[in-house]
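Quick notes on the structure that follows.
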Amino acid sequence: MGMIDAETLRPLTQEQRLDLILERAKGGHFLPDGLDRAGMRRLMALFQNNGLAAVRYRPRPLDGKLLLIRPKVASKQAPGVDGDPMNGWGPWRPGRDVALDGRYAWPDVAEALA
């Protein structure tokens, strides 16, 4: 599926835009097979609502303890925050926190939270 630029979309009606997106996505495994305009509208609404939720979200401090389980070695998937053992979570917890490195069984987690 090639990119669709704004210049291509601007003169189109909303229905024409949906049709163009559906046409370009066919066979590319970008959208579920058989997706129609109504389904595309639902996906677009979901995308819009998720974006709004992300922009509007304001975290508040936690009332309880925070248990952060992190890998022993940072990786591309879990890089961590240099110089911050709580990986950015520190401001959101009011008191004592616990950070565990590596793999732990549930008894270890329960003990850390006690």
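Each value in this text was obtained by applying a stated rule to the coordinates, not by laboratory testing. None of the values given here were measured: they were computed from a predicted structure. All Cβ positions, even for glycine, are placed from backbone atoms using ideal geometry, and neighbour counts span all protein chains on display.
I need the peptides 35-44, 7-16 ranked by packing, meaning the mean over residues of other C-beta atoms within 10 angstrom, with the highest value on top.
Result, highest mean first: 35-44, 7-16.
For the stretch 1-65, which chymotrypsin sites (Phe, Trp or Tyr not before Pro) are both in a DSSP coil and crowded by at most 10 other Cβ atoms within 10 Å?
In loop regions of the stretch 1-65 (DSSP not H, G, I, E or B), the sparsely surrounded chymotrypsin sites (Phe, Trp or Tyr not before Pro) are Tyr57.
With r defined as the distance between the Cβ atoms of Arg10 and Gln77 and R0 fixed at 35 Å, what FRET efficiency is calculated, to the nearest 0.05?
Computed FRET efficiency for Arg10 and Gln77: 0.35.
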